[in-house]
Amino acid sequence: MANNDLAYTVFERQQRDRGIDLDRVKERIKGFTVETPSWGYADSGTRFKVFQQVGVPRDPFEKIEDAAQVHRLTGACPNVALHIPWDRVDDYDRLRRHAAELGLGIGAINPNLFQDADYRFGSVCNSDPAIRRKATGHIIECIEIARAVGSTDLNLWFADGTNYPGQASIRARKGWLRECLADVYAALNPGMRLLIEYKPFEPAFYHTDLADWGMAYTLATALGDAALVLVDSGHHAQGTNVEQIVAFLLDEGKLGGFHFNSRKYADDDLIAAAINPQELFLIFAQIHDALDETTDSGARRTAERIAYMIDESHNIEPKIPAMIRSVLNVQSQWAKALLINRDELREAQATQDVLAAEAAVREAFECDVRPLLRALREEQGLPDDPMTAYHASDYPERIRARGIGGASW
Ligand code: PSV
Ligand code: MN
């Protein structure tokens, strides 16, 4: 710890010299939480094979226990997202109480509209009205589950699309999607939100019914204030400027949440910020910019209500350490983005000093925030290194007793 004391003293001096208000930075880091996904603790795989690991949870209750370990060590993940039917149980109130006893809440509910054989040609965009009704019914069932577990957010991702030109009417499918969403929207409780995800391709390769943020935005806008767009960092074509999408949606009051993960090529679902950490930093820079607005703007109010979530599948990594790594990486970029000197940036933008503006952003990215995060963890009574603390605990050994053959997605 003495080493960190020294490193933190140096960090503090550097940041004060750069004109950064560290009290504000610390407060915003402490207030930042990110939800972990129940499916990130379960067995998962590539499209070629599901790999089984020893110690994987056998049911939703054990998934919540693993999520509680991540929260106990990082202090940043008080909610766990569920995926239905992967997390279907007989008694949702019991699941909610189990989570509460472990200090967790249930986060977003994610209906699964892609694994049932009926959905081969689509779910809510299927030309068969009976299948569309079934899909809509499943989403409405998820609203009931949300009610039972005390969740307020419903995340919708549709795998719907086609593989060949002419396979289906794109406009007819768009109409069915709108109809379904209108029924779902009408079933929401007051205070509930519908977060609509988009993805350019996979599993369909010719067209995807909800392929980009503009389509998600159009539908969310038609539905009303409780419908918002969910940005999954893996769901963009190579080279897309994701932070611009974030800024645009913030400004329109339509950014609802994030699914964090890293991509190299497509929806790779790798540990967040393991690849291209700068992208996440730049996304957070846009959010801090909105949060810093001094007037009560729509962008600020939108930024204050963003649901931050991890959406990853760890196939070759041990599950809990991979989730801890993801949370720490997300936290680091959140902290770095807070170190942008906004006055300098504004001044550089106003005078069209391109290099000064670029420097104001880059210098924050180049700061080492590890001493700050360690010091904050100490202040909060958390282990200064959650990963080492996990490996030193008896939890990895205890879960080995679950054996192989846990729940899988
Ligand atoms: C789809 O790729 C996705 O991002 C959606 O959020 C799903 O619900 C999740 O992954 C899990 O498959
Ligand atoms: Mn996602």
Inset, instruction - Under a cut-off of 22 Å between alpha-carbon atoms, report the lysines in cross-link reach of Lys319, not counting same-chain residues fewer than 8 places apart. - result: Lys49, Lys63, Lys264
Legend entry - 3J(HN,Hα) from dihedral phi, the range 245-252, Karplus parametrisation 6.51/-1.76/1.60, rounded to Hz, x for glycine, proline: 4, 4, 4, 5, 5, 4, 5, 8
Inset, instruction - Work out the FRET efficiency for Lys30 and Asp292 from their Cβ-Cβ distance, taking R0 = 22 Å, and round it to the nearest 0.05. - result: 0.85
Inset, instruction - Could you calculate the contour length gain from Ser393 to Glu101, that is, 0.36 nm times the residue separation minus the distance between their Cα atoms, to one decimal place in nm? - result: 103.1 nm
Legend entry - Shape category assigned to the range 359-409 from the gyration tensor of Cα positions, a/c cut at 1.5: oblate
Legend entry - Theoretical FRET efficiency, 1/(1+(r/R0)^6), r = Cβ-Cβ of Thr46 and Phe205, R0 22 Å, to 0.05: 0.85
Legend entry - Total charge dipole magnitude, the range 34-338, about the Cα centre, Cβ charges on Lys, Arg, Asp, Glu only, Debye to nearest 20: 340 debye
Inset, instruction - Determine the relative contact order of the range 124-196: mean sequence separation of Cα pairs under 8 Å and six or more apart, normalised by residue count, in whole percent. - result: 47 percent
Inset, instruction - Excluding residues fewer than 8 places away in the same chain, name every one of the lysines whose C-alpha is closer than 26 Å to that of Lys26. - result: Lys336
Inset, instruction - Round to the nearest 0.05 the FRET efficiency obtained for Arg18 and Ile316 when R0 = 45 Å and r is the Cβ-Cβ distance. - result: 0.70
Inset, instruction - Tell me which residues come under 5 Å, amide H to amide H, from Ala272 once H is placed; ignore anything under 5 positions away on its chain. - result: Ser262
Legend entry - Length added when fully stretched, Glu366-Ala130, from 0.36 nm per residue minus Cα-Cα: 79.5 nm
Inset, instruction - Please identify, among Asp66, Asp268, Asp17, the residue showing maximal mean-square fluctuation in a Gaussian network model of the chain using a 10 angstrom Cα cutoff. - result: Asp17
Inset, instruction - May I ask you to list the trypsin sites (Lys or Arg not before Pro) in the range 62-163 that are in a DSSP loop and have at most 16 other Cβ atoms within 10 Å of their Cβ? - result: Arg88
Inset, instruction - Starting at the first residue of the range 391-408, write each ³J(HN,Hα) from the Karplus equation 6.51 cos²θ - 1.76 cosθ + 1.60 with θ = phi - 60°, in whole Hz, x for Gly and Pro. - result: 5, 7, 7, 8, 5, x, 6, 4, 6, 4, 5, 5, x, 9, x, x, 5, 9
Inset, instruction - Pop a pseudo-label 7 angstrom from the Cα along the beta-carbon direction at both Phe114 and Arg88 and give the gap in nm to one decimal. - result: 1.9 nm
Inset, instruction - Using only the Cα atoms of the range 34-338, build the gyration tensor, take square roots of its eigenvalues as a ≥ b ≥ c, and label the shape rounded, prolate or oblate: rounded if a/c is under 1.5, else prolate if a/b is larger than b/c, else oblate. - result: rounded
Legend entry - ³J(HN,Hα), Karplus 6.51/-1.76/1.60, whole Hz, each residue of the range 276-284, x for Gly, Pro: 6, x, 5, 4, 5, 4, 5, 5, 5
Legend entry - Folded to 0 to 90 degrees: helix 319-337 orientation relative to the chain principal axis, Cα: 60 degrees
Legend entry - Between helix 213-223 and the chain: long-axis angle, C-alpha atoms, 0 to 90°, nearest 10: 70 degrees
Inset, instruction - Round to the nearest 10 and give me the degree value, 0 to 90, for the angle of helix 354-366's Cα axis relative to the longest principal axis of the chain. - result: 90 degrees
Inset, instruction - Would you mind calculating the relative contact order of the range 34-338 from Cα pairs under 8 angstrom and at least 6 residues apart, reporting the percent as a whole number? - result: 17 percent
Inset, instruction - Work out, step by step, the length gained on full extension between Val10 and Ser169: first 0.36 nm times the residue separation, then minus their alpha carbon distance; give nm to one decimal. - result: 51.0 nm
Legend entry - Estimated [θ] at 222 nm from DSSP helical runs (n ≥ 4, -39500 (n - 2.57)) normalised by residues in the chain, nearest 500: -15000 deg cm²/dmol
Inset, instruction - Using a 10 angstrom cutoff on alpha carbons, build the Gaussian network for the chain and name the most mobile of Trp86, Trp334, Trp213. - result: Trp86
Inset, instruction - State whether the range 1-53 is rounded, prolate or oblate according to the following rule on the C-alpha gyration tensor (a ≥ b ≥ c being the square roots of its eigenvalues): a/c under 1.5 gives rounded; otherwise a/b larger than b/c gives prolate, and the remaining case gives oblate. - result: prolate
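Each value in this text was obtained by applying a stated rule to the coordinates, not by laboratory testing. Predicted model only: the values in this text are computed from it and were never measured. Please note: Cβ atoms are built from the backbone with ideal geometry, for glycine as well, and neighbour counts cover all protein chains shown.
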